[in-house]
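Asker: Quick one: the structure is below, and I'll ask about it shortly.
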Amino acid sequence: MSKQIFITGGAGFVGSTLSIGIKERYPAYRVIALDNLRRRGSELNIPRLQAAGVEFVHGDIRNPEDLEGFSNLDVVIDASADPSVLSGITSPVMPLINANLNGTVNCLELAQKTGAAFIFLSTSRIYPIKNLEAAQFEELETRFQWTNNQSLRGISAKGVAEDFPLEGSRSFYGTTKLASELLITEYNELKGLKTIINRCGVISGPWQMGKVDQGVLVLWLARHFFKGELAYIGYGGTGKQMRDVLHAHDLLNLIDQQIHHIELYNNQTLNVGGGLESSFSLQELTTLCQEVTGNTIPIKQINETRTADVRIYVSDNTQLNLLNNHAWKPQKSVKDLVTDTFQWMKANENTLRNILK
């Protein structure tokens with residue numbers, strides 16, 4: 001049966017990957033991608049969306065009137081957000097709240113009015129910074145890594161689980177996403193809306209316009225590709241801080257499952273990431289970028305740690321794996337991700353030079 005899928009942030013990196021991927025897999029589906037095109041480079045995705053048969057709508061989730069006129073939707077996927085952890089810290093807070101909290105409420109209202117299920121892309125940044133920084137870790141040759149000997153619940157060498165303590169500060173960005181999660185739970189319980197919350201870690205891949213505060217893997221690769229400069233910032237300037245990463249197409253595989261098994265995932269809040277098997281430190285990423293591009297660039301060492309940064313973050317996907325009986329797991333390695341993204345940069349070098357350089 002045909003479905004109608006509405007995706008906010010649909011011209012962004014994740015939103016366009018989901019929109020195009022779903023339409024390619026299910027040509028009979030009506031896929032609608034809404035975006036305000038605020039992020040530089042998102043306009044490049046409009047021809048891609050249209051070529052795939054996705055309906056593009058220029059609109060803003062902060063404006064309820066931009067979400068009017070739609071009916072009989074099956075799923076609303078909220079992939080729109082101001083994704084910078086520095087937002088509200090180095091800029092006013094209200095624009096962030098309007099985009100990430102009020103915008104989500106408008107999307108929830110759209111789902112409620114049209115009878116759709118609601119899939120929310122949240123973030124690992126809802127976990128408090130001081131709790132993460134207090135976790136026991138070991139310093140290895142090229143990375144920091146958590147140990148299994150922990151005093152806090154919900155954390156191990158495998159990463160952070162969903163029952164990790166939520167008390168404490170997490171950044172204004174993380175707070176808007178956590179507040180959205182709380183409201184989503186109320187819509188599920190009190191209004192009967194079917195909802196899924198995915199707490200995503202680092203997501204990356206082709207068509208991500210990497211910035212200093214969001215999209216580190218693409219930024220790192222782009223600086224190598226275009227022969228720029230980089231810096232290991234914080235934690236002694238060693239580049240040993242570590243993250244897991246999920247290829248956007250692995251996220252697409254999960255969202256595909258969720259769209260078609262809403263009842264299984266309904267009212268679930270799930271960590272979604274590459275896991276320890278798909279993790280990297282900046283040191284290790286540098287080596288990969290050198291191998292793939294053939295370029296070596298200068299990298300400064302800055303000891304001072306940036307506000308709201310964390311030494312380590314890894315998603316523990318155990319709850320997700322148990323829920324769907326291991327039907328989903330990441331397929332792409334970090335090297336696969338770097339290689340795929342390099343091929344994209346190479347094929348679009350002239351277009352991307354002024355955006356990523």
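The values are calculated or read from the model by the stated rules, or taken from the named source; none is laboratory data. Note that the structure is a prediction, hence the values are computed from the model and not measured. Here the Cβ positions follow ideal geometry from the backbone for every residue, glycine too, while neighbour counts run over all protein chains shown.
Asker: Quickly run through the stretch 288-308 and pick out the residues that are surrounded by fewer than 17 Cβ atoms within 10 Å (Cβ to Cβ) and within 24 Å of the chain's Cα centre (by Cα).
Answerer: Hits for the stretch 288-308 are Thr305, Arg306, Thr307.
Asker: Scan (1) among the charged types (D, E, K, R); (2) without any contact (Cβ under 8 Å) to a residue 12 or more places away in the chain; (3) under 23 Å from Gly239 (Cα atoms) for the single condition Glu68 breaks and write down its number.
Answerer: (3)
Asker: Go through Ala135, Ala117 for me and flag whichever is farther than 29 Å from Leu67 by Cβ and touching a residue at least 60 places away in the same chain (Cβ under 8 Å).
Answerer: On the way: Ala117 fails: farther than 29 Å from Leu67 by Cβ.
Testing whether each residue is farther than 29 Å from Leu67 by Cβ and touching a residue at least 60 places away in the same chain (Cβ under 8 Å) leaves just Ala135.
Asker: Find all pairs meeting these conditions: Cβ atoms under 9 angstrom apart; at least six residues apart or on different chains; first residue within the stretch 188-208 and basic (Lys, Arg); second residue assigned to a loop (DSSP other than H, G, I, E, B) and crowded, with 23+ Cβ neighbours inside 10 Å.
Answerer: That search, which allows pairs on different chains as well, returns Lys194/Ala116; Arg199/Tyr127; Arg199/Gly273.
Asker: List, please: which pairs have Cβ atoms under 7 Å, are six or more places apart or on different chains, and start with a residue in the stretch 287-307 that is farther than 18 Å from Ala347 by Cα and end with one that is charged (D, E, K, R) and at pLDDT 95 or above?
Answerer: Every condition considered, the pairs that remain are Leu288/Lys335; Ile297/Arg223; Ile297/Lys227; Ile297/Glu229; Pro298/Glu229.
Asker: Given the conditions (1) touching a strand residue (DSSP E or B) at 6+ places or on another chain (Cβ under 6 Å); (2) within 24 Å of Ile262 (Cβ to Cβ), and given that Ala157 satisfies all but one, which numbered condition is not satisfied?
Answerer: Result: Ala157 passes all but (2).
Asker: Considering only residues that are of a type in the set (Gly, Ala, Ser) and in a strand (DSSP E or B), look in the stretch 202-261 and name the one that is farthest from Leu337 (Cα to Cα).
Answerer: First, the residues of the stretch 202-261 that are of a type in the set (Gly, Ala, Ser): 204-205, 210, 215, 222, 228, 231, 234, 236-237, 239, 248.
Next cut, in a strand (DSSP E or B) only: 204, 231.
Values: Ser204: 7, Ala231: 22 Å.
Step by step, filter the stretch 202-261, then rank; the result is Ala231.
Asker: Also, I was wondering about something else. Tell me, which residue of the stretch 151-193 that is assigned to a helix (DSSP H, G or I) and of a type in the set (Gly, Ala, Ser) is nearest to the chain's Cα centre (by Cα)? Let's see the steps before the verdict.
Answerer: Let us first name the residues in the stretch 151-193 that are assigned to a helix (DSSP H, G or I), namely 172-191.
Okay, now just the ones that are also of a type in the set (Gly, Ala, Ser), so 174, 179-180.
Numbers: Gly174: 12, Ala179: 17, Ser180: 15 Å.
The qualifying residue nearest to the chain's Cα centre (by Cα) is Gly174.
Asker: Could you check the stretch 266-357 for helices (runs of 4 or more DSSP H) lying wholly inside it with 1 or more residues that are at pLDDT below 95 and aliphatic (A, V, I, L, M)?
Answerer: Values: elements: 282-293, 318-323, 334-347, 349-356.
Output list reads 349-356.
Asker: Okay, next question. Any residue in the stretch 140-160 that's more than 16 Å from Gly275 (Cβ to Cβ): show its pairings with residues that are among the acidic types (Asp, Glu) at Cβ separation under 8 Å, as long as the two are six or more apart or on different chains.
Answerer: Thr142/Glu284; Phe144/Glu138; Thr147/Glu138; Arg153/Asp163
Asker: Which residue, of Ala117, Ala111, is surrounded by fewer than 24 Cβ atoms within 10 Å (Cβ to Cβ) and under 23 Å from Gln257 (Cβ atoms)?
Answerer: On the way: Ala111 fails: surrounded by fewer than 24 Cβ atoms within 10 Å (Cβ to Cβ).
Exactly one of Ala117, Ala111 is surrounded by fewer than 24 Cβ atoms within 10 Å (Cβ to Cβ) and under 23 Å from Gln257 (Cβ atoms), namely Ala117.
Asker: Which residues, counting only those in the stretch 79-124, are more than 14 Å from Lys177 (Cα to Cα) and among the hydroxyl-bearing types (Ser, Thr, Tyr)?
Answerer: Hits for the stretch 79-124 are Thr90, Ser91, Thr114.
Asker: Among the numbered conditions (1) within 23 Å of Ser16 (Cβ to Cβ); (2) out of contact with any strand residue (DSSP E or B) (no Cβ under 6 Å at 6 or more places or on another chain); (3) not hydrophobic (A, V, I, L, M, F, W, C), tell me where Arg243 comes up short.
Answerer: (2)
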